[in-house]
Amino acid sequence: MTRAVKLRDDYSASDLRWLVARSRHATAARRRLALAAIRAGASRTARVGGMDRQTLRDWVHRFNAEGPDGLRDYQHAGPACRLNAAQQAELKALVEAGPDRERDGVPRWRRVDLPRVIEERFGVVYHERHVSALLKRLGFSYVSARPRHPEAGIENRAGSRPGLRLAVRRARNLGSFWSLRC
């Protein structure tokens, strides 16, 4: 049978409940409330906290070592980026410049196309879902401009919108005016 773990004495049950009332972290508040029940002498405190006895014992150890702030969940940074800072800057410039239609074969970058380019240039394999996180870290958003055909000029688009037709006509008249004057 395991030996009982003694709870540190510098916090009373009322002190722990006071911390619970002012806590912004629900999980830490639940753990503090279970420890307040232990301090008050209640039995079956693991059920009060909604956890197993061994989990409660682990939280008591952590509370004894770190105090009330030790009952919060730690924020993990996650794995380090596989591209270094220079490669990230080069990728950012590459995405901002857009693809070369002949070389890359696409009119605009999509996250499906970028893993292939990243692997060819930097030798690092990324899944297309992770490319979204990488682009977000580089300052890009999910919103993209509506693609236009590269050969579509202003005259070809003028037939689709009436206001644009007038602007094209004015631009032509203005251009001819300036050419006559010069």
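The figures follow:
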{"read-out": "Filtered residues of region 88-128 (kept if part of a loop (DSSP other than H, G, I, E, B) and among the small types (Gly, Ala, Ser))", "value": "98, 105, 123"}
{"read-out": "Unmet requirement for residue 111, which otherwise passes all of (1) surrounded by 15 or more Cβ atoms within 10 Å (Cβ to Cβ); (2) of a type in the set (Lys, Arg); (3) under 30 Å from residue 35 (Cα atoms); (4) at pLDDT below 90", "value": "(3)"}
{"read-out": "Hits in region 32-54 (condition: modelled with pLDDT of 85 or more and among the β-branched types (Val, Ile, Thr))", "value": "38"}
{"read-out": "Hey, residue 17 charged (D, E, K, R), under 32 Å from the mean Cα position of the chain (by Cα) and more than 30 Å from residue 138 (Cβ to Cβ) or not", "value": "no"}
{"read-out": "Residue in region 129-145 that is modelled with the lowest pLDDT, counting only those that are part of a loop (DSSP other than H, G, I, E, B) and not hydroxyl-bearing (Ser, Thr, Tyr)", "value": "145"}
{"read-out": "Condition met for residue 83 (of a type outside the set (Val, Ile, Thr), crowded, with 16+ Cβ neighbours inside 10 Å and not in a helix (DSSP H, G or I))", "value": "yes"}
{"read-out": "One residue from 53, 39, 72, 44 being more than 24 Å from the chain's Cα centre (by Cα) and surrounded by 14 or more Cβ atoms within 10 Å (Cβ to Cβ)", "value": "39"}
{"read-out": "Answer residue from region 7-28, given it is part of a loop (DSSP other than H, G, I, E, B) and in contact (Cβ under 8 Å) with a residue 40 or more places away in the chain and is surrounded by the most Cβ atoms within 10 Å (Cβ to Cβ) among those", "value": "11"}
{"read-out": "Pair list, Cβ < 7 Å and 6+ apart or interchain, from region 51-68 residues that are acidic (Asp, Glu) to residues that are modelled with pLDDT under 95", "value": "52/46"}
{"read-out": "Failed criterion for residue 42 (all others in (1) in a helix (DSSP H, G or I); (2) farther than 21 Å from residue 69 by Cβ; (3) not basic (Lys, Arg) hold)", "value": "(1)"}
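The values are calculated or read from the model by the stated rules, or taken from the named source; none is laboratory data. If you're wondering where the values come from, they're calculated on a predicted model, not measured in any experiment. Reconstructed Cβ throughout: ideal geometry from the backbone, glycine too, with neighbour counts over all protein chains shown.
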